[in-house]
Amino acid sequence: MSSPLIKNDLLAAIAGQDWHHWEPLLEHVELPLGHVMYESGKALSHVYFPTTSIVSLLYVLENGASAEIAVVGNEGLVGVSLLMGGGTTPSRAVVQIAGHGFRLKASDLKIKFDRGGPVLHLLLRYTQALITQMSQTAVCNRHHSLEQQLCRWLLLSLDRLNGNELVMTQELIANMLGVRREGVTDGASRLQHAGLIRYNRGCITVIDRPGLEKRTCECYAVVKKEYDRLLPH
């Protein structure tokens, strides 16, 4: 690969196949915090391969309330509905952690996907892993405590970043989890008192990751195991 900015696992895997056909079609893009990549019900014009950014997939209710159903970072792509033949999706994609990525026109992706071969199977395996994350998130939100949900969210986000810091306000985390801000404040305070994280002015630093993994529910391990099983690293 010619560009050092290409740090996406799917693109790295494709590079071993027919990268010379893909590279000219990819456009490097900056993804600022809060940028809406697509809205519910709107036609998707591109798919995105994040490199240093994290994107939150949200389901938005009629009253404006929202809850996160999955996160996508340097392990995958945003816009899997195009792989399944649908041009729209009921979810919203919002940049959760600012950074960079690459985008590919929907029409170009369809051509590549329809040709089959290793790339098709790679993207289908990624879709299966993403569905697992969505399913486990629904179970977690229904059956596990807010503190466990917060731990799961922090760990999934860390897996998609280099380092142990996340720039994220408690209000934004509350919107992602679909809970009250006060609940996130209490949960973050308990984790900080336990010496697992440090929170200061919108920056969360994970101090003790193994301790965080012990504190969370089984949902994180289920999702991570499926990603590790299905996708290259």
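The values are calculated or read from the model by the stated rules, or taken from the named source; none is laboratory data. It should be emphasised that the depicted structure is a prediction, and the values quoted were computed from it without experimental measurement. Backbone-built Cβ (ideal geometry, glycine too); neighbour counts: all protein chains shown.
Of the residues 230, 166, 150, 155, the single one that is farther than 29 Å from residue 12 by Cα and outside the structural domain of residue 135 (by TED's automatic domain parsing) is 150.
Within the range 58-81, if we keep just the residues that are touching a residue at least 60 places away in the same chain (Cβ under 8 Å) and within 20 Å of residue 179 (Cα to Cα), the residue that is farthest from the chain's Cα centre (by Cα) turns out to be 65. Entry remark, the range 34-86: residues being surrounded by 23 or more Cβ atoms within 10 Å (Cβ to Cβ) and over 21 Å from residue 8 (Cβ atoms) number 0 in total. Within the bounds of the range 137-146, is there any residue that is buried (at least 21 other Cβ atoms within 10 Å of the Cβ), farther than 18 Å from residue 20 by Cα and under 20 Å from the mean Cα position of the chain (by Cα)? Yes, there is a match, as at least one residue in the range 137-146 is buried (at least 21 other Cβ atoms within 10 Å of the Cβ), farther than 18 Å from residue 20 by Cα and under 20 Å from the mean Cα position of the chain (by Cα). Does residue 191 satisfy the condition of being surrounded by 15 or more Cβ atoms within 10 Å (Cβ to Cβ) and touching a strand residue (DSSP E or B) at 6+ places or on another chain (Cβ under 6 Å)? Yes; evaluated as a whole, the condition is true for this residue.
Of the residues that make up the range 81-91, is at least one touching a helix residue (DSSP H, G or I) at 6+ places or on another chain (Cβ under 7 Å), among the hydrophobic types (A, V, I, L, M, F, W, C) and over 23 Å from residue 228 (Cα atoms)? Within the range 81-91 (the criterion being touching a helix residue (DSSP H, G or I) at 6+ places or on another chain (Cβ under 7 Å), among the hydrophobic types (A, V, I, L, M, F, W, C) and over 23 Å from residue 228 (Cα atoms)), the answer is yes, since at least one residue qualifies. Conditions: (1) at negative phi; (2) in a loop (DSSP other than H, G, I, E, B). Residue 30 meets all but one. Number of the miss? Evaluating residue 30 over (1) at negative phi; (2) in a loop (DSSP other than H, G, I, E, B) leaves (2) as the failure.
Checked against the criterion of being within 18 Å of the chain's Cα centre (by Cα) and part of a strand (DSSP E or B), the candidates 173, 204, 131 yield just one match: 204.
Residue by residue, here is whether (1) outside any loop (DSSP other than H, G, I, E, B); (2) among the hydroxyl-bearing types (Ser, Thr, Tyr); (3) free of Cβ contacts under 8 Å to residues at least 12 places away in the same chain; (4) not assigned by TED's automatic domain parsing to the domain that holds residue 175 holds:
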position	(1), (2), (3), (4)
47	yes, no, no, yes
84	no, no, no, yes
96	yes, no, no, yes
100	yes, no, no, yes
104	yes, no, no, yes
111	yes, no, yes, yes
121	yes, no, yes, yes
126	yes, yes, no, yes
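From the list 58, 25, the one residue that fits, being over 14 Å from residue 102 (Cβ atoms) and modelled with pLDDT under 95, is 58.
Do we find that residue 152 is of a type in the set (D, E, K, R), closer than 14 Å to residue 224 by Cβ, touching a residue at least 12 places away in the same chain (Cβ under 8 Å) and in a helix (DSSP H, G or I) in this structure? Talk me through it step by step, then tell me what you get.
On the way: of a type in the set (D, E, K, R): yes; closer than 14 Å to residue 224 by Cβ: yes; touching a residue at least 12 places away in the same chain (Cβ under 8 Å): yes; in a helix (DSSP H, G or I): yes.
Considered against the rule, which asks whether it is of a type in the set (D, E, K, R), closer than 14 Å to residue 224 by Cβ, touching a residue at least 12 places away in the same chain (Cβ under 8 Å) and in a helix (DSSP H, G or I), residue 152 comes out as yes.
Each residue in the range 147-176 was checked for being polar (S, T, N, Q) and crowded, with 21+ Cβ neighbours inside 10 Å, and 2 of them qualify.
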